[in-house]
Amino acid sequence: MSWHIDSKTLERYAAGTATSAVAASAEAHLTGCAACRALLAPSVEAPRLDAIWAEVDRQVDLTSRPLAERLLTRAGVREDTARLLAVTPSLRGAWLTSVLLASALAAFAANASGSSGRGMVLFLTLAPLLPVAGVALSYGPAADAAYELTLAAPYSVLRLVLLRSVAVVTCTVALTALGSLVLADNGWRAVAWLLPALALSAATLALSVRTTPTWASAAVGTAWLCLVLVVRGSSRDELVFGARGQVAALLLLAGAVLALLRFRSRFSYDTRRSS
C-alpha cells in the first residue's frame with residue numbers, strides 16, 4: 001500500500017460519523033490493508049461487532065428462506081415447523097396456480113351448464129379430488145425433493161404428515177372456494193363439494209396408516225370416481241351431491257378421523273419404500 005488511513009479518519013469511521021464517501025473509501029482500503037485493520041480494531045467495541053455480525057447473519061438467513069417460510073414465521077409459526085411446511089411440494093406456486101386455474105375453469109363450465117348440467121357434475125366430481133391430490137404430494141420419496149431431510153427431522157411421521165396435509169387441504173380448499181364464487185347463484189350446490197373434499201382427504205390420511213399417501217390417495221380417488229360414475233349412470237346424482245350425499249360425506253369424515261385417532265400408533269410405515 002502506498003498510503004494508509006490517518007488516525008482521525010479511522011476514529012470517525014469507527015464512531016460512524018464519517019461521511020458516506022469517506023466511509024466507502026475507508027472500507028475499500030481496509031479490505032486490502034492489514035495494517036489499517038489492526039489500527040482500527042481497538043477503536044471498535046466487541047459488543048458492537050457481535051451485534052453487527054448477528055444482524056448480518058439474521059438478514060442472510062432471512063432473505064435466503066422461501067417466501068412461504070418467511071410468511072409463516074412472521075405469523076408466529078415456529079421456525080422448524082415453518083421450514084417443514086414451506087418445502088411441501090404441493091404448496092409450491094406451480095401446484096397452487098394449477099389448482100386455482102382448474103377450479104376456476106370447472107366452475108365456469110358448471111355455471112354455464114346450470115345447477116343440474118354436466119358442467120356442475122364435473123365440478124362437483126373433480127373439486128373434492130384436488131385436496132386429495134395435494135395430500136398425495138405432501139410427503140414421500142416420489143414427491144418430496146427434501147424427503148431425506150424431512151425423514152431426519154425430529155418429528156413423528158404422523159405429526160409431519162398431518163401438518164403438511166392440513167396446510168395443503170386448507171390452501172387447496174381456499175383456492176377452490178375462490179374458483180366456485182361464480183357458482184353463487186346455484187345456492188347450496190355451489191359448496192356441495194366441500195364436505196366430500198374434507199371426507200376424502202381424511203380418508204386418505206386414515207388409509208396412510210397402512211400405506212403411503214400416494215397409494216392411499218389413488219385408492220380414495222378411484223373409489224370416488226367409480227361411485228360418481230355408478231350413480232351418474234343411474235341418474236340419481238342426489239345420492240352423491242344431494243342431502244344424502246352430504247350426510248354420507250359427514251359420516252365418512254367422522255369415521256376417518258376416529259380411525260386415524262384409533263390407529264395413530266401404527267402410523268409408522270416404512271417411509272423408505274417406493275410410493
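The values are calculated or read from the model by the stated rules, or taken from the named source; none is laboratory data. All of these numbers come straight from a predicted model, not from anything done at the bench. Here the Cβ is made from the backbone with ideal geometry for all residues, glycine too, and neighbour counts use every protein chain on show.
List of remarks:
- Residues of the range 184-229 that turn out to be more than 22 Å from VAL247 (Cα to Cα) and crowded, with 17+ Cβ neighbours inside 10 Å, as a count: 8
- Residue count for the range 160-198 under the criterion of being within 20 Å of the chain's Cα centre (by Cα), among the small types (Gly, Ala, Ser) and more than 18 Å from ALA102 (Cβ to Cβ): the result is 2.
- Residue match in the range 5-25 (condition: touching a Phe, Trp or Tyr at 6+ places or on another chain (Cβ under 8 Å) and assigned to a helix (DSSP H, G or I)): yes
- Scan of the range 256-270 for residues that are under 24 Å from the mean Cα position of the chain (by Cα) and either at pLDDT 55 or above or farther than 11 Å from VAL209 by Cα (or both), ordered by number: ALA256, VAL257, LEU260, LEU261, ARG264, PHE267
- Close pairs (6 angstrom Cβ cut-off, 6 or more residues apart or separate chains): in the same structural domain as GLY134 (by TED's automatic domain parsing) and at pLDDT 75 or above in the range 98-112, among the polar types (S, T, N, Q) and buried (at least 23 other Cβ atoms within 10 Å of the Cβ) anywhere: VAL99/THR172; SER103/THR176; ALA107/SER180
- Test: residue in the range 61-81 that is at pLDDT below 75, within 15 Å of the chain's Cα centre (by Cα) and among the small types (Gly, Ala, Ser): yes
- Taking the range 40-53 as the range and being touching a helix residue (DSSP H, G or I) at 6+ places or on another chain (Cβ under 6 Å) and part of a helix (DSSP H, G or I) as the test, the residues that pass are LEU40, SER43.
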